[in-house]
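Chemist: Here it is, the structure in full.
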Amino acid sequence: MKKKILITGANGFVGYHLLKAALREGFEVFAGIREGSDFAHLKNLDVQYSYLKYSDTNSLKKDFENKKYDYIIHAAGITKAANYETYERINADYTWNIAKAAETINPKKIIFISSLAALGPAKYDENEGLQENRNPKPVTNYGKSKLVAEQHIKKSSDLNWMIIRPTAVYGPREKDLLLIIKMINKGIEVYLGKNKQILSFIYVEDLADVAIKACLSEKVRECYNISDGHQYDTQKLSEIVSKELKKKTFKITIPISIIRVLANVMEEFSRGKPSILNKDKVRELIAENWHCSIEKAQQELGFEPQSNLEKGMKNTIEWYKNNKWI
């Protein structure tokens, strides 16, 4: 008999790829989605649907007790919000509700997809990379809400939880790096200030694969930082993208002071809605070092990323072109 797995946020960017990875592994897959959400792109996948009301613990309990999932991957959440209260409600409070509901069925494993933002960045000269046991110092409201969510998960004495902290995730269907790719496709490279930065990335299929490995691992109650294991900078990112697009570009450097002013203006005129650029995003963009160590995941989960940024970006841009996103 196939093991049942619930994936929350299934119609989102990461959730979609988690569904595909779970199907490849032979699970009976349940796509957790909200009533009224758009999931037309899931129609060709052999999955069942669970309509979840994340704000209602009793409703979640009924669904969980009825379907008795063996595994849960909680990937639902938001990466943009107008204020911290919204981040906390959706990323942290809803995670608490999922955990409390899961206690009623005691699944074999519950995997929480957190973020490296929950730890916060390192200093530029910290060469060893962010470690799992680092004292968390998130610099964004998003990161703070993910840290609170982690704390909620850890409070559950009955659950076999695991926490995955991916760095910047990219791949088919991702929309944040798409903005950079579109600009380079128009022949423009934009740099924020002249400060040095170390970046890290993870191709979405590699993230999905390690989440499934975490489900099947004998390890419990552990946290894992996830990237492709390499270090990059903004120049290398632009170089890889422009090479794949076969574009010559004009480079523009915008002072951080101007970026801050733009962020303030865009927040002011967003009228309570998330803006593309805001003070929270600026803090993330100017952070010095997002390199993380993946040694723990390699040793304990057998994690071996299959795509560096060059390979992953090639696949991503090809998908964007084929689907007319660029």
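Where a number appears in this text, it was derived from the coordinates with a stated rule and is not lab data. Nothing here was measured: the structure is a model prediction, and the numbers come from that model. No Cβ is skipped: glycine too gets one built from the backbone with ideal geometry, and neighbour counts run over all protein chains shown.
Chemist: Please report His152, His74, His230 as a ranked list, fewest other C-beta atoms within 10 angstrom at the top and most at the bottom.
Modeler: The most exposed by this proxy come first: His230, His152, His74.
Chemist: Restricting to the chain, what percent of DSSP beta bridges are antiparallel, rounded to 5?
Modeler: 5
Chemist: When you count, for each residue, the other Cβ atoms within 10 Å and take the mean per peptide, how do 16-26, 263-273, 131-141, 90-100 rank with the highest first?
Modeler: Answer by packing, highest mean first, reads 90-100, 16-26, 131-141, 263-273.
Chemist: What is the helix-to-structure angle for 309-322, meaning the angle in degrees between its Cα long axis and the longest Cα principal axis of the chain, kept from 0 to 90 and rounded to the nearest 10?
Modeler: Once rounded, one gets 90 degrees.
Chemist: Taking R0 as 30 Å, what's the FRET efficiency between Lys123 and Gln299 from their Cβ-Cβ distance, rounded to 0.05?
Modeler: The value I calculate is 0.75.
Chemist: Relative to the longest principal axis of the C-alpha atoms of the chain, give the angle of the C-alpha long axis of helix 256-268, reported between 0 and 90° and rounded to the nearest 10°.
Modeler: Around 50 degrees separate the two axes.
Chemist: Once label points are set 7 Å from the Cα along Cα→Cβ at both Lys236 and Ser270, what is their separation, rounded to one decimal in nm?
Modeler: Those two pseudo-labels are separated by 3.0 nm.
Chemist: To make sure I understand, if each residue's beta carbon is the centre and we count other beta carbons within 10 Å, what order do Phe303, Phe201 fall in, fewest to most?
Modeler: Phe303, Phe201
Chemist: OK, next. Using a Förster distance of 22 Å, how high is the FRET efficiency between Asn66 and Asp158, based on the Cβ-Cβ distance and rounded to 0.05?
Modeler: Computed FRET efficiency for Asn66 and Asp158: 0.65.
Chemist: To the nearest 10 degrees, how steeply does helix 204-216 sit against the main Cα axis of the chain, on a 0 to 90 scale?
Modeler: Taking the Cα atoms of the chain, the angle to 204-216 is about 30 degrees.
Chemist: Go through 42-50, 291-299, 191-199 and give me the packing order, highest mean Cβ count within 10 Å leading.
Modeler: 291-299, 191-199, 42-50
Chemist: Moving on to the next point. Tell me the label-point distance for the pair Ala40, Asn133, using the 7 Å Cα-to-Cβ offset, in nm and rounded to one decimal.
Modeler: Label at Ala40, label at Asn133, 5.1 nm between them.
Chemist: Based on other C-beta atoms within 10 Å, arrange Arg173, Arg260 from fewest to most.
Modeler: Result, fewest neighbours first: Arg260, Arg173.
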